[in-house]
Amino acid sequence: MEPTILQGYELAKQLYAKHGIDVDQALRQLEKIKISVHCWQGDDVKGFLFRDQELTGGISVTGNYPGAARTPQELRMDLEEAFRLIPGKHKVNLHAIYADTQEKPDLDELEPRHFEPWVAWAREQGLGLDFNPTCFSHEKSKDGFTLSHPDPDIRKFWIEHCKASRRISAYFGEQLGQTCVTNVWVPDGYKDVPVDRMSPRIRLKESLDEVFAEPLNPAHHLDAVESKLFGIGSEAYVVGSHEFYMGYGLQNNKLICLDAGHFHPTETISNKLSSLALFAEGLLLHVSRPMRWDSDHVVVMDDELLDIGRELVRGGLLEKTHIGLDFFDASINRVAAWVIGTRNTLKALLRAFLEPVDELKKAELDGDYTARLALTEEFKAYPFGAVWDYYCASQGVPVRETWLEQVRTYEREVLSKREQAAAPAQL
């Protein structure tokens, strides 16, 4: 380790210690955090089952940066490169369309064996896996409805797909010894104002009841449900609204997923965490960066990300919160996008661990709002960067922006060559 990094760390420790903050303990806490890194950033949400299928479900990916993964092998290679640049041990979040198999199963026919290469790889890498049924980009979702579809046969197809996804999730958890969170999100909704808002929601509730009917070991598998305010093609009405899933999750003991990009552009999720945590079985976060409409930009360390970190730490919510990422940007290097977003999420949590929370709470309880404001503002300039640099160095990953050169080397030696050749056949 460079002497300057160690010196900076020791000086930072002394400053933080004056307020009773144990920096070493903060890093031990950070090391326990597992971020669920979403695989779909690596190939623009195409997957491997139906690669020629148009991307639907209110989802859009813009940009044509070279080097998108074309096979499961390439995607795993890219994820490995990203994890070399991210401190800690984490998880990978898979969608059902990322099955790695020479078979041609439809979504309702998927079984754990279709993901065995992912399990073997995750075990080898020391990673956990999370999962999602893919209720979009399919012939039977082209009219915008899945679990709430008025046609019972189509609805049954999606119910069976979600059931299969839960069994795959339980297999992941059992094999890897890390609980797999499976998140159900469906794009169902109308572009214009509907006459009947109730009937689709009744059908969705009944479908979910059937999906979740099979009991599974919570040590291996946990269910989550995710809402959305609007999407492309469902601007006026989404069946699975926030209120719908909040009620369903609370009534049925499911994790409630809050996606930072699924609310009104001026609405934030950080303020919702403490309220939901009081009543919910647990929380799942999809950390993203909304920018008008339903865009999922690469996570930056903005005020909302910092507030999410603070709420999780100040409220003691980390034990019941699962943190995942959800963004897809094809206008920049995809490996870099993973690295930037994951490192920023970890930085936000570290900054929260390095706050004098007990001191701030005491000032607030005593009515000393002057001290509360003064300390909160002064700590924004405290040297958390020196602590972060030490953490990266101690974890064997690049310090500060030096990781970017490694990504550029990988781009020259690996990613750019993908544009020069046809996609290889899957092994």
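Antiparallel beta bridges, as assigned by DSSP with both residues in the range 149-303, represent about 20 percent of the total such bridges.
The alpha carbon centroids of the range 34-73 and the range 358-416 are separated by 30 Å.
Applied to the range 69-74, the Karplus parametrisation 6.51 cos²θ - 1.76 cosθ + 1.60 on θ = phi - 60° returns per-residue 3J(HN,Hα) values of 5, 10, 9, x, 4, 5 Hz, with x for Gly and Pro. Within the chain, DSSP assigns beta bridges of which about 10% are antiparallel (rounded to the nearest 5). Where only DSSP H runs of four or more residues are counted, the chain gives -13000 deg cm²/dmol as its mean residue ellipticity at 222 nm, each run worth -39500 (n - 2.57). Using the average count of surrounding beta-carbon atoms within 10 Å as a protection proxy, the listed peptides 153-160, 395-402 rank, highest first, as 153-160, 395-402. Using only Cα positions of the range 43-199, each an equal point scatterer, no hydration layer, compute I(q)/I(0) via Debye at q = 0.16, 0.17, 0.21 Å⁻¹ and quote the log10 values to two decimals. Each listed q corresponds, in turn, to -0.95, -1.05, -1.43.
Would you mind calculating the relative contact order of the range 168-255 from Cα pairs under 8 angstrom and at least 6 residues apart, reporting the percent as a whole number? Once normalised by length, the contact order is 40 percent.
If you add up the charges near Asp192, with Lys and Arg at +1 and Asp and Glu at -1, over every other residue whose beta carbon is less than 15 angstrom from its beta carbon, what do you get?
Neighbour charge sum, excluding Asp192 itself: -2.
Counting Lys and Arg as +1 and Asp and Glu as -1 over every other residue whose Cβ lies under 15 Å from the Cβ of Pro218, the net charge comes to -2.
Each of Ser207, Ser165 was scored by other Cβ atoms within 10 Å of its Cβ. Listed from fewest to most, they are Ser207, Ser165.
Between the range 237-274 and the range 83-117, the alpha-carbon centres lie 26 Å apart. Across the range 1-90, the volume of the C-alpha convex hull divided among the residues equals 178 Å³ per residue. Would you mind getting me the FRET efficiency between Ala219 and Phe50? Use the beta-carbon distance for r and R0 = 30 Å, nearest 0.05. With a Förster radius of 30 Å, E is 0.35. Within the range 1-147, how many Lys pairs that are eight or more residues apart, or on different chains, come under 16 Å at the alpha-carbon? Taking the range 1-147 as the scope, the lysine pair count is 6.
Would you mind ranking Thr376, Thr342, Thr4 by Cβ crowding within 10 Å, fewest neighbours first? Going from least to most buried by this count: Thr4, Thr376, Thr342. Seen from every direction in turn and averaged, the convex hull around the alpha carbons of the range 304-365 projects onto 4.9 nm².
Close amide-amide hydrogen proximity is noted between Val181 and Phe131, Leu222, each under 5 Å apart and 5 or more residues distant or on a separate chain (H modeled in the peptide plane; Pro and chain starts excluded).
Check cross-link reach from Lys320 to the aspartates and glutamates: straight Cα distance under 17 Å, and skip same-chain residues fewer than eight apart. Straight-distance partners of Lys320: Glu31, Asp130, Asp223, Glu226, Asp259, Glu281, Glu311. Protection proxy ranking for 227-234, 211-218, using the average of other Cβ atoms within 10 Å per residue and placing the highest first: 227-234, 211-218. Taking Cβ atoms as reference points and 10 Å as the exclusive limit, the residues near Val313 contribute a net charge of +1, counting Lys and Arg as +1 and Asp and Glu as -1. Over the alpha-carbon set of the range 212-313, divide Rg by the Kirkwood Rh and report the Rg/Rh ratio to two decimals. Here the Rg-to-Rh quotient is 0.98. Legend: P(r) of the range 132-280 from all alpha carbon pair distances, 10 Å bins from 0, whole percents, reading 11, 40, 36, 12, 1.
Values quoted throughout were computed directly from the atomic coordinates according to the rules given, and no laboratory measurement underlies them. None of the values given here were measured: they were computed from a predicted structure. So basically every Cβ, Gly included, is an ideal-geometry build from the backbone, and we count neighbours across all protein chains shown.
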